[in-house]
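**Q** The structure follows.
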Amino acid sequence: MENIRTKKSIIISAVFLLLTAVIIAFFFPREGKFRYQFNEGKPWRYGLLTAPSDFPIYKAPGEIEAARDSLRKHFEPYFRFNPDEANVKLEEWRKQTPVLQASGVPAATLKYVDDAICDVYAKGIISSSQLELMHRDNHLKINVLTNSVSDSRKISDLYSVKKAYEAIIDNAPPSIDRDDLEKCNVNEYLTDNIFYDRETSEKILEESLQSIPVSTGMVQAGERIVDIGEIIDSKTFDKLRSLKQVHETKSGGTKRQNTIFGGQFILVLCMLACFGFYLATFSPQIFFKRKNLAFILLCVLAACVFSEISVKYSLLNIYIIPFAIIPIVVRTFFNSHTAIFTHIITILICSLTALFPYEFILLQSFAGIVVLFSLKELSQRSQLFRCSAFVFITYVVLYISLVLYQEGDFKKINWEMMMYFLINFVLLMFSYVLIYMLEKIFGYISPITLVELSNINSPILKKLSETAPGTFQHSLQVSILASEAGAKIGADTQLIRTGALYHDIGKMNNPAFFTENRSGDVNPHDKLSFEESARIIISHVPDGVKIAEKGMIPQAIIDFIKTHHGKGFAKYFYNSYRNTFPDRPDNKEVFSYPGPNPFSRETAILMMADSVEAASRSLTEYTDESIEHLINKIIDSQIQEGLLKNAPLTFKDVEDVKTEFHERLKTMYHTRISYPDLKKN
């Protein structure tokens, strides 16, 4: 059964790793990544590079766009000449000429008007709106299509209907009477005969834009491009940029995209597989527990996907992303080894999208190491500020050192990077809020929360000190005893201390039924049967769980409440019952605690400390022998009853705990000399 459960856990963990690899690979940029990084004005850091094949030297995108803008600005739009409307108007004028001549208009005037109308139609009349648009767009000329023949005309030579009428009137010879001209009603015979041809204009403009050359030359296969140490000038930069463009846009279509995705997926999966082997070998409590593995992989996934999207769409500089949050968060809930390994795997994956991967790996690796050195335990906000400051200093020092090593010139330092590092520092401070959110989502408990819970002014502990002062004092003594023993064997002392303070909060419901809270000789158990007394004593465990759940106490602390008696007996009442009624059935269930038994080193230490501290109060004398005998008797009894069989404690751990209990109880119950009274004269 255990083998089946183990195989199932391995399969589920493998599926988690596989899904994480798929999601990370999905967000990777799909273009084939150019293997070199380069900048104009900086030395080439690789070996001799020659052209693998013929390729054009492409113009820079800005240069091509400038040429397009210039072409659009100087483009001459196309208009089409339509004589039909003009001929109709001209025919109407000539039919009106005899009528005007009969009314007394001189023949010379009629001859002038006829010639003038023909002249303005020959030069061209366009709508006033189109004429205004041409002037606004600074067009000096247009192309006029007559049938299939195009000729260029100046805008200044064209008329609108209004301007054509004014030109005919104003340009009349002095011998022509103006009143006779007005009788001709010339404006009635003027209309547009040149119209904007949108389709032809857009077609020819697009053809012209497409004909703009995108390259300035060719590089032949085998031609030398650059060698190691050479400064990349503008011409070399254009060649390298063109080679990169050819490489990344190389034909292949969907098949090539799928191939790239396959390579990215396998690469990421290999890294995550190594990570999985590490967790399975050195941190099985993470690998085989779904919640823990999901948390770790979520940290990796979030950092990788966010960096990939940022680089792919140029959202922000990759050094703004606070990768150091990963070791901070993982170290808070787990251990340093898991934190640094998680960080290394994350930055290795993210380096595949970074512009300068080697520099990226160097800076981020040192940042993660500094986090672990400067933040052994996150229990105060000041510790997080100090850690973030150290990370910021690490970034700055390493970056400046790299620039000086590579360039040998202070002027090459990009001071804009300092702003990125400063933003990174600010974002790193939000780890405090992130840790709180993760606690609520995954049910973890951080040292910060433990410190807050262990404050004796917290609502539950304050109420405990008021309603059950004896129990409160007992809890304080147990917390001291258990945390010292935990420190001896390397357990989580802060967790033990907090759990000890809360383990007996259920006694607040019936404080008088517990010996440490009684001040007089009246014992409420005298009026109860052994079964009823046992039920009240045992009920402080489920009552404590209810109080803790109502007070939103984390599950890790509730575990101490549940396990501090395990599945043991209320021995005083059980033994009294058996001694008083030897003939009655052995009703163990009535006198048994609900459990479960301790399942961690911390809960096991609390069980031992709770029993030892309570029993030590019944000693008549406090000597080395009596204290040692008491400790051995209680702990050995717990081992024999199987209460500690699920706790990961070694024999040496148990002996170390006994020794620490012995030393601590001797300190608590040390004897004092009697002070002599002053004799009166």
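**Q** Counting only protein heavy atoms and using a 1.4 Å probe, what share of the accessible area of the range 464-610 belongs to carbon plus sulfur, as a whole percent?
**A** Heavy-atom surface of the range 464-610 belonging to carbon and sulfur, 1.4 Å probe: 50 percent.
**Q** Among 195-204, 608-617, how do they line up from the highest to the lowest mean number of other beta-carbon atoms within 10 Å?
**A** Put in order of decreasing packing, that is 608-617, 195-204.
**Q** Report the charge-dipole magnitude of the range 187-247 in Debye, nearest 20, computed about the Cα centre from +1 at each Lys and Arg Cβ and -1 at each Asp and Glu Cβ.
**A** Dipole size: approximately 540 debye.
**Q** On a 0 to 90° scale, report how tilted helix 198-210 is relative to the longest principal axis of the chain, with both axes built from alpha carbons and the result rounded to the nearest 10.
**A** The angle comes out near 60 degrees.
**Q** So, one more: Quote the charge dipole size of the range 1-156 about the Cα centre in Debye, to the nearest 20; the model charges only the Cβ of Lys and Arg (+1) and of Asp and Glu (-1).
**A** The calculated dipole for the range 1-156 is roughly 1080 debye.
**Q** While we're on this one: Tally up the carbon and sulfur contribution to the accessible surface of the range 361-411 as a whole percent, 1.4 Å probe, everything protein left in place.
**A** With neighbouring chains kept in place, the figure for the range 361-411 is 67 percent.
**Q** Roughly to the nearest percent, how much of the accessible area of the range 114-247 is carbon and sulfur, given a 1.4 Å probe?
**A** Carbon and sulfur atoms account for 48 percent of the accessible area of the range 114-247.
**Q** Divide, for the range 1-157, the radius of gyration over alpha carbons by 2.2 N^0.38 Å, where N is the residue count.
**A** 2.47
**Q** Answer with one residue from Ser156, Leu269, Asn575: the one whose Cα lies farthest towards the positive end of the charge dipole of the chain, charges on Cβ with Lys, Arg +1 and Asp, Glu -1.
**A** So the residue furthest toward the plus end is Asn575.
**Q** Note down the relative contact order for the range 355-398 as a percent, whole number, built from C-alpha pairs under 8 angstrom at least six residues apart.
**A** Rounded, it is 45 percent for the range 355-398.
**Q** OK, next. Using the heavy atoms of the protein chains and a 1.4 angstrom probe, tell me the accessible area per residue for the chain in square angstrom.
**A** 55 Å²
**Q** Mind ranking 582-593, 314-325, 567-578 by how tightly packed they are, going by the mean number of other C-beta atoms within 10 angstrom, highest first?
**A** My ranking of the peptides, most packed first, is 314-325, 567-578, 582-593.
**Q** Starting from the Kirkwood radius over alpha-carbon pairs of the chain, derive D by Stokes-Einstein at 20 °C in a medium of 1.002 mPa s and give it in µm² s⁻¹.
**A** Once the numbers are plugged in, D ends up at 62 µm²/s.
**Q** Calculate how large, on average over all directions, the projected area of the Cα convex hull of the range 114-248 is; give the answer in nm² to one decimal.
**A** Averaging across all directions leaves 14.8 nm² for the Cα convex hull.
**Q** Here's something else I'd like to know. Show me 14-24, 644-654, 491-501 ranked by packing, highest mean number of other Cβ atoms within 10 Å first.
**A** The packing order, highest mean first, is 491-501, 14-24, 644-654.
**Q** Now, a different point. Assign unit charges at the C-beta atoms only (+1 for Lys and Arg, -1 for Asp and Glu), then state the dipole size of the range 318-440 relative to its Cα centre in Debye, rounded to the nearest 20.
**A** The dipole of the range 318-440 has a size of about 300 debye.
**Q** Could you tell me what percent of the DSSP beta bridges with both partners in the chain are antiparallel, to the nearest 5?
**A** Counting DSSP beta bridges with both partners in the chain, the antiparallel share is about 80 percent.
**Q** Let me ask something else about it. In the chain, if the dipole is taken from +1 on Lys/Arg beta carbons and -1 on Asp/Glu beta carbons about the Cα centre, which of Val246, Ser401, Ile344 is farthest to the positive end?
**A** Selected residue: Ile344.
The values are calculated or read from the model by the stated rules, or taken from the named source; none is laboratory data. Please read these numbers as outputs of a predicted model, since none were measured by experiment. Every residue, glycine as well, gets a Cβ built from its backbone with ideal geometry; the counts of neighbours run over all protein chains shown. Heads up: the accessible areas ignore ligands, DNA and RNA and are worked out on the full protein's heavy atoms, side chains in. Shrake-Rupley method; radii C 1.70, N 1.55, O 1.52, S 1.80 Å.
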